[in-house]
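One structure below.
The values are calculated or read from the model by the stated rules, or taken from the named source; none is laboratory data. Worth saying up front: this structure is predicted, and the values here are computed from it rather than measured. Cβ coordinates were reconstructed from backbone atoms using ideal geometry, including for glycine residues, and neighbour counts include every protein chain displayed. Areas reflect the complete protein model, heavy atoms only, side chains present, ligands, DNA and RNA absent. Shrake-Rupley method; radii C 1.70, N 1.55, O 1.52, S 1.80 Å.
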Amino acid sequence: MKEILCFGDSNTFGFIPGSGQRYNKTERWSGILSGLLSENYRIIEAGCNNRTAFCPNPEGDLFTGTKAILPYLDSHRNLDLIILALGSNDLQFSYKLSTEEIYKGIKSFIKLIKNNSNAKILLVSPSIIKHNVLDTFFAEMFDESSIQKSKTLPEIYKKISEEENILYIDLNNIAQTSDTDGLHYTKEAHKLIADAIARQIKNL
């Protein structure tokens, strides 16, 4: 049986825009993936609200990607694929990252995984953050600079995927963040994302 780790932030967890509740397993993309692939695949869902990719999160190691992924890599030694869907939370204005720091941070994350696992890696570039995020309580974390930096992620992620010879998918070509909070996906968008990722997995 092939094992796939879906490691990400609130959009992997299944955060529902507006209510803040969680989509059920048949509605969030990592859960839908289980139904789209054959019984020869085991999906490990590892999403976490407010998880950064590499910035030291004040909420602790569970919320810091480079820290939180290590226990998964240690306990799942035979992973075939790691889907890495992170990066939006590192754009919070409190971290004050430059695009160069984002590039270096994500690249270091990829190298960390390679040093601890033989699994293939699928790097997922999140959809651009919409301006309506500034009309929600998320404005306490994201500002105009966050929105502008989110537009640079596809190019940065693609460059890293080419340099590190890993798989890549840009969610901007598949789904947009919701009009409710500009940060999270609708149920319909989760289905589109799951379909696209399932196709890529089947083509491996």
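Look at R22 and say whether it is open to solvent by 70 Å² or more (accessible area, probe 1.4 Å) and within 20 Å of L73 (Cα to Cα).
no
Of the residues in the stretch 25-42, how many are open to solvent by less than 50 Å² (accessible area, probe 1.4 Å), without any contact (Cβ under 8 Å) to a residue 40 or more places away in the chain and either in contact with a Ser or Thr (Cβ under 7 Å, 6 or more places away or on another chain) or part of a loop (DSSP other than H, G, I, E, B) (or both)?
Going through the stretch 25-42 one residue at a time, the tally reaches 0.
Could you tell me whether the stretch 131-148 includes any residue that is modelled with pLDDT of 95 or more, closer than 22 Å to F93 by Cβ and assigned to a strand (DSSP E or B)?
No: the stretch 131-148 contains no residue that is modelled with pLDDT of 95 or more, closer than 22 Å to F93 by Cβ and assigned to a strand (DSSP E or B).
How many of the residues in the stretch 168-185 are touching a residue at least 60 places away in the same chain (Cβ under 8 Å) and open to solvent by 50 Å² or more (accessible area, probe 1.4 Å)?
The number of residues fulfilling the criteria is 1.
Within the stretch 80-103, can you find the residues that are within 18 Å of K120 (Cα to Cα) and either aromatic (F, W, Y) or crowded, with 23+ Cβ neighbours inside 10 Å (or both)?
Matches in the stretch 80-103: I82, I83, L84, A85, L86.
Just to verify a result, which residue in the stretch 46-69, among those that are in a strand (DSSP E or B) and of a type outside the set (S, T, Y), is most open to solvent (accessible area, probe 1.4 Å)?
The selected residue is G47.
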